[in-house]
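Comments concern the structure below.
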Number of protein chains: 2
Amino acid sequence: MRLAVYSRFLEHLQQQAVTTISSGAIAEGAGVSSAQVRKDLAYFGEFGTRGVGYNVEELCGHIRRILGLNQNWPTVLVGAGKLGSALALYEGFHNRGFHIVGIFDVDPDAAGNRFGSIKVLPMEHLERVIRRENVQIGIITVPAAAAQGVGELLAASGVKSILNFSSFVLNLPADIIVRHVDFSLNMEVLTFSLTYGKTKI
Amino acid sequence: MRLAVYSRFLEHLQQQAVTTISSGAIAEGAGVSSAQVRKDLAYFGEFGTRGVGYNVEELCGHIRRILGLNQNWPTVLVGAGKLGSALALYEGFHNRGFHIVGIFDVDPDAAGNRFGSIKVLPMEHLERVIRRENVQIGIITVPAAAAQGVGELLAASGVKSILNFSSFVLNLPADIIVRHVDFSLNMEVLTFSLTYGKTKI
């Protein structure tokens, strides 16, 4: 998680034509301690020059490789409702190597719709597309009541990791990597900060 | 952030009728150390009984109060596109006290649409609604190019905290609390885990 935050911060610096940065400045930008930054980066090898800092472009490229962003990641999306269609068209995915190769929905009315260049397919085609395109990532944007079934189907079809936007907490085999995006959790961080100030808890 | 995660985990336990829990088990569920859990909870006063653990219902209620979830939080949403409409209808907001009292869009075609019971209004009404309803939270779901302008307008109209779904990193006065929801950042955590296993970095 922290590496992805460092990466985003370094990209931002690149846009502003900043060329070198200290671990302290990365720490401040990412909201962690500078000891943590040095420890995280050291974990992957030698970076930076003592007293000079890190070369932004070099470090950014290295972290992107570590995060696997120099690869293509074919992805399927299940649930072609409003959130699903918003994500299917989300420009931030494509330019980071995430390619949605299939959108699926149980609703026969949704099947046949197009989001950008991708047609919504019925669920019967899910496993075939996953196997054919060697898909390792699935995105779930179905209602809570349907999420567990979809998660199990994705896992059984060969998907290794899931980004879950439903409010249901998935219960899947331990080798499946699940990340839960909970919008209201983000709101709670705001209300906490509104009440207590910017304390980090 | 961690308190919101504890809260979600404790709600999950309540659904499963679990009545007491140790700090170690909370730590495991939330993915942090048990020393961290004890430290976080101690910060807000005395909880738990040594050797017995925490009463789930009591602790959950207390954390919800700390997070301000026992209050109503009138909220405005700017950007009535696909993501905006998905969020406007997101059930997880309403049952945690987040009430969207206005949806706004620059597009005159969008204005007049209804999402659930709420009508999309033109931007000219934004400040009036914020002042009238004493809105402290704004949600931004406009394209990146429009985000900074909307953020400034929200801040100038009296909003104290912003949940930013655009890919643009907002530059606002230091007293405005901003939280950036970056979907591709979540995807990067998946690809990192696919490459390196579940290491927490």
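The values are calculated or read from the model by the stated rules, or taken from the named source; none is laboratory data. Note that the structure is predicted; figures quoted are calculated from it, not measured. When we count neighbours, we look across all protein chains shown, and the Cβ atoms used for this are built from the backbone with ideal geometry, even at glycine. Heavy atoms of the whole protein, side chains included, go into the accessibility calculation; ligands, DNA and RNA do not. Shrake-Rupley method; radii C 1.70, N 1.55, O 1.52, S 1.80 Å.
Residue-wise test of (1) free of Cβ contacts under 8 Å to residues at least 12 places away in the same chain; (2) touching a strand residue (DSSP E or B) at 6+ places or on another chain (Cβ under 8 Å).
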{"position": "B:Glu58", "(1), (2)": "yes, no"}
{"position": "B:Leu69", "(1), (2)": "no, no"}
{"position": "B:Val76", "(1), (2)": "no, yes"}
{"position": "B:Ser85", "(1), (2)": "no, yes"}
{"position": "B:Ala88", "(1), (2)": "no, yes"}
{"position": "B:Glu91", "(1), (2)": "yes, no"}
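Number of residues in segment A:149-189 that are within 8 Å of another protein chain (Cβ to nearest Cβ), open to solvent by less than 10 Å² (accessible area, probe 1.4 Å) and either part of a loop (DSSP other than H, G, I, E, B) or small (Gly, Ala, Ser) (or both) equals 3. B:Ala80 satisfies every condition listed in (1) outside the structural domain of B:Gly97 (by TED's automatic domain parsing); (2) within 22 Å of the chain's Cα centre (by Cα); (3) not polar (S, T, N, Q) except (1).
Counting the residues of segment B:122-148 that are touching a residue at least 24 places away in the same chain (Cβ under 8 Å) and in a helix (DSSP H, G or I) gives 9.
One line per residue, one yes/no per condition, for (1) modelled with pLDDT of 85 or more; (2) in contact with a helix residue (DSSP H, G or I) (Cβ under 8 Å, 6 or more places away or on another chain); (3) on the phi < 0 side of the Ramachandran plot; (4) among the aliphatic types (A, V, I, L, M):
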| site | (1), (2), (3), (4) |
| --- | --- |
| B:Ile21 | yes, yes, yes, yes |
| B:Ala30 | no, yes, yes, yes |
| B:Val37 | yes, yes, yes, yes |
| B:Ala42 | no, no, yes, yes |
| B:Gly51 | no, no, no, no |
| B:Leu67 | no, yes, yes, yes |
| B:Asn72 | yes, no, yes, no |
| B:Asn95 | no, no, yes, no |
| B:Phe104 | yes, yes, yes, no |
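For segment A:90-100, the candidate set comprises residues that are within 7 Å of another protein chain (Cβ to nearest Cβ) and not small (Gly, Ala, Ser); within that set, the residue that is farthest from B:Tyr90 (Cα to Cα) is A:Arg96.
State yes or no: is A:Val5 modelled with pLDDT of 85 or more and either among the β-branched types (Val, Ile, Thr) or within 26 Å of A:Ile177 (Cβ to Cβ) (or both)?
no
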